[in-house]
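Contents: one structure, followed by commentary.
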Amino acid sequence: DMKKIVGIVGTGMIACSLAVLTTGNGSQTYLYARSDSSAKRAKETWRQHFELLKEHGVVSESQISACESYLHIVTSYKDLVSVQIVFEAIVEDLDQKHEVYHHLENHCPDIEIICSASSAIVPDLLSEGIEKYGDRIIVAHPFNPAHIVPYFELCGGKQTREGVLEAAKAYLESMGRKPVILKKPTP
């Protein structure tokens, strides 16, 4: 069963689109927002994506309600305690990304994969100095919007543990995505 408990860190377009993808595929999804206002905005963006899908006849209102039951927008890392796969989709700033990974290490004991949506920072830099989970940080760069366009580029680094890329690929495929594993990172 590929139903994983998903964490998403970020509230921008990519994060909200990923939340549509994961909730739409029945994964309990915990989206971390830094503030109540960004939490509110993320919820509105998530809803707008689904409203557009409804207008195009892709989903019904009752299906949206079902998907909404999988969405949990939280403002504390403690609420991510049960997540198994995390999508990190924050700004392209290495220090801020490292801060996120340290919070995940401190609060989330069951993480199998951390997927960074980064398009500019290579995996070796992302995992630098990350003691506990450095071997499961990969780049999983979606083509936007992720809930509509099926393509993801996946890339590991020198310390990526065996099987992590393959597990990420299998999870994304279970949601109808078409991930490609790159042989080497390219910003």
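The values are calculated or read from the model by the stated rules, or taken from the named source; none is laboratory data. In this text the structure is predicted, and so the values were computed from the model without any measurement. With ideal geometry, Cβ positions are generated from the backbone for all residues, glycine too; neighbour counts draw on all protein chains shown. Keep in mind that these areas ignore ligands, DNA and RNA; they rest on the heavy atoms of the full protein, side chains included. Shrake-Rupley method; radii C 1.70, N 1.55, O 1.52, S 1.80 Å.
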Just a yes or no: is a residue in region 58-79 charged (D, E, K, R), at pLDDT 95 or above, within 27 Å of Glu173 (Cβ to Cβ) and open to solvent by 40 Å² or more (accessible area, probe 1.4 Å)?
yes
Considering Leu165, Leu172, which residue is farther than 18 Å from Ser17 by Cα, of a type in the set (A, V, I, L, M) and modelled with pLDDT of 95 or more?
Leu165
Looking for something in contact with a Leu (Cβ under 6 Å, 6 or more places away or on another chain) and part of a strand (DSSP E or B) - is there at least one such residue anywhere in region 96-119?
yes
If Val86 meets every condition in (1) over 17 Å from the mean Cα position of the chain (by Cα); (2) within 21 Å of Gly176 (Cβ to Cβ) apart from one, which number is that one?
(1)
Of everything in region 147-165, what is touching a strand residue (DSSP E or B) at 6+ places or on another chain (Cβ under 8 Å) and either assigned to a loop (DSSP other than H, G, I, E, B) or open to solvent by 40 Å² or more (accessible area, probe 1.4 Å) (or both)? Give them in sequence order.
Val149, Pro150, Tyr151, Glu153, Gly156, Gly157, Thr160
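Quick grid of which residues meet (1) touching a residue at least 40 places away in the same chain (Cβ under 8 Å); (2) open to solvent by less than 40 Å² (accessible area, probe 1.4 Å); (3) part of a strand (DSSP E or B):
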site: Ile121; (1), (2), (3): yes, yes, no
site: Ile130; (1), (2), (3): no, yes, no
site: Pro145; (1), (2), (3): yes, no, no
site: Pro179; (1), (2), (3): no, yes, yes
site: Lys184; (1), (2), (3): no, no, no
Taking Ala89 as the residue in question, decide whether it is exposed (fewer than 12 other Cβ atoms within 10 Å of the Cβ) and under 21 Å from Leu154 (Cβ atoms).
no
For region 13-27, enumerate the residues that are open to solvent by 20 Å² or more (accessible area, probe 1.4 Å) and either part of a helix (DSSP H, G or I) or out of contact with any Ser or Thr (no Cβ under 8 Å at 6 or more places or on another chain) (or both).
Met13, Ile14, Gly24
